[in-house]
1. Given the peptides 439-447, 283-291, arrange them by the average over their residues of other C-beta atoms within 10 Å, most packed first.
2. For segment 245-389, what is the convex hull volume of its Cα atoms per residue in Å³?
3. For segment 119-251, divide the Cα radius of gyration by the Kirkwood radius and give the resulting Rg/Rh value with two decimals.
4. List the residues of segment 229-248 whose backbone N lies under 12 Å from a point placed 7 Å from the Cα of LYS264 along the Cα-to-Cβ direction.
5. Loop only per DSSP, at most 14 neighbouring Cβ atoms within 10 Å: give me the GluC sites (Glu not before Pro) in segment 104-200, ordered by residue number.
6. Could you give the length gained by full extension between ASN237 and SER320, i.e. 0.36 nm per residue of separation minus their alpha carbon distance, to one decimal place?
7. Rounded to the nearest 0.05, what FRET efficiency do SER57 and LEU213 give with R0 = 45 Å and r taken as the Cβ-Cβ distance? Could you check?
8. Lysines near LYS296 by alpha-carbon distance under 22 Å, same-chain residues fewer than 8 away left out - which ones?
Amino acid sequence: RGLLVHNRISELWMHQLHPYISLETLDLSSNSISEIKAGAFPPMQLKYLNLSNNKISVLEPGCFDNISSSLLVLKLNRNRITLLPYKVFRLPQLQFLELKRNKIKMVDSLTFKGMDLLKSLKMQRNGITKLMDGAFFGLNNMEELELEHNNLTEVNKGWLYGLHMLHVLRVNQNTISIIRPDAWEFCQKLVELDLSFNHLTRLEENVFIGLGLLENLNLGENTISHLGEGVFSSLANLRSLDIRNNEISWAIEDSIGVFVGMKKLNTLILQRNKIKSITKEAFESLEELEHLDLSKNGIMSIHPDSLSHMNLKVFFLNTSSLLCDCQLQWLGPWLTDNRFLQSVSAMCAHPASLLGHNILSVSLEELVCDDFPKPRITDHPETATALRGTNVTLSCLASSSSDSPMSTAWRKDGEVLYDAEVQNYARYQEGELFYTTVLHLLNVNFTDEGRYQCVVSNHFGSNYSNRATLTVNGEEPLVFSPK
């Protein structure tokens, strides 16, 4: 074993290393080496080489050729490498390569070709902005690729081409905003995927196609607000899903069953998603779920049947916004029976008489349904068929016992219609606030076809209407008969 750490070595010459020719391990880290020239190493049976924390900016092609038949581990972390020349890594036995904290901004096609046995490649903190198509081609046995803390903007099948054996991909802490269709075509053996701390805002319904073996998926700390229908349905093997600190409250509050198909899911982390209510269908089909984290959400209501079908062992909830009425009579006994008293803080916000009370200290007799402050939708928009070019109106009626102001949003196929032509009417009658919202669709075209839904909200939460389908038909074609 050769330890030449902190020796102020500035150049590497073959004759310097002749005394160490029988070494299997050589550590030259924390020196001042600025380049590795071709032929820098004599023929050696070296297995482990550490060149981290030097000043290396140049790797000449052929610089590792004399140790290529034996080298298993190569560390080049904390250097000044900006360019990886073609064929610089002709290392057919290498299994572990580390290039963390360099200045590699782009990885060209076929850069790593010639390392058939490489298992792990680490390139964190390089400022990589571009991975060319086939950047990792030839790494036929690679299992782990770590690209955290770079500036990648998208995931596509071009740069993933050839990674058929990849099990772990970490691209967290980048600026990824797009996952291209068929991105995973060439790496369908992925077991762990970390996409946290990126710029994702949308997950289309086909975004995870091909990842049927995936077990751990981290989407935390993005700004995801749109989930395509059945977006997780292809992840039948998933065990852990982390979606913390996103904006997917509507997916939990609406009754769309966003987690359908995830029969093996064990851990679900939903903290900090601005979730206000948990519906009956929120977690349907998650029979295997044991760990559920709903902390840091201002949750007001939880449907009695939303959690009862699961055998939870770990449950996190902290809210001071609970609507403590008869609908919550089940919660205190359920928390006690399942021994979640330490991991849960559940305080009432309404009615005024229970403000600040812990749900565990409130008697069942005090949990009564004297009012319904959260909006109730009494009339839903109706499915319609219209001729192209005509006008269509869809309406929604809601009521509440609270005088808290109501607001509405209309959604089409799960997306908020920001520029829609909407009229709203409110009237107060016999202690109830009635609210009508009308959506006007003018001069409809085929692009207006879809499923429409109104969302009515006030201080106590939101309610989602049924979806109404709009079908647009063209005018009857004119038939000209020849004379």
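1. Result, highest mean first: 283-291, 439-447.
2. 143
3. 0.94
4. 235-240
5. For GluC sites (Glu not before Pro) across segment 104-200 that sit outside H, G, I, E and B with at most 14 neighbouring Cβ atoms in 10 Å, the list reads GLU185.
6. Result for the pair: 26.3 nm of gain on full extension.
7. E between SER57 and LEU213, to the nearest 0.05, is 0.65.
8. Reachable lysines: LYS274, LYS276, LYS280, LYS313, LYS374.
Rule-based calculations on the coordinates, nothing more; no lab input. Everything numeric here is computed off the predicted structure, so don't read it as measured data. All Cβ positions, glycine included, derive from the backbone under ideal geometry; neighbour counts span all protein chains shown.
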